[in-house]
């Protein structure tokens, strides 16, 4: 079984986990930009990675190479990293920035939720973007979905619209369903 590779196991205070993926759930680069902004601006520290071998079709998401004057300098696979931020007066943050897996969503989701359990995560958020038929003259919409009825009012009070949708999903919805009973 695939495992998360830790470089350290930080001691965290009731962290929130924020998850973002490149790929299909990243329309307008909303997810990747938001996660990279959080990582950079909060000076988040990388502490763990999810190996990619069992989760991607290599023909669809090819490794990248840097070759200079005929010499292989670097070979990189898609990145799937966890970061943390210690907050002195608030809950700490765990951030996950990766590429939406092509394969084995159940195993990938189990790894994410196992890490959430290890660090006593109190709530999970996913950030994504979808394409929609909204003219550019309208302000951007921020909407949300939830997996427990007790979260509805919190979302409404935060000024978020509640999503209306039927159709193909991203791994975000899969994670939301898997986390329903736990967090």
(message) Counting only Cα atoms, I'd like the Rg/Rh figure for the range 1-74, Kirkwood definition for Rh.
(response) 1.02
(request) Identify which of 127, 118, 73 has the largest mean-square fluctuation in a Gaussian network model of the chain, with springs joining Cα atoms closer than 10 Å. (result) 73
(request) Could you work out which residue, out of 66, 122, 85, moves most in a Gaussian network model of the chain, that is, has the largest mean-square fluctuation with Cα springs under 10 Å? (result) 66
(request) Calculate the tail of P(r) for the range 71-123: the fraction of all Cα-Cα distances greater than 16 Å, expressed in %. (result) 56 percent
(message) Per-residue counts of other Cβ atoms within 10 Å, averaged by peptide: what ranking do you get for 131-141, 101-111, 148-158, highest first?
(response) 101-111, 148-158, 131-141
(request) Quick one: compute the contact order of the chain, relative version, from alpha carbon pairs under 8 angstrom and 6+ residues apart, as a percent. (result) 29 percent
(message) Given the -39500 (n - 2.57) contribution per DSSP H run of 4+ residues, what per-residue ellipticity at 222 nm results for the chain, rounded to the nearest 500 deg cm²/dmol?
(response) -6500 deg cm²/dmol
(message) Which of 124, 67, 58 ends up with the largest GNM mean-square fluctuation for the chain, with Cα atoms connected below 10 Å?
(response) 67
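Laboratory data are not the source of any read-out in this text; all were calculated from the coordinates shown. Remember, predicted model here, so these are calculated numbers, not experimental data. We place every Cβ from the backbone using ideal geometry, glycine too, and count neighbours over all the protein chains shown.
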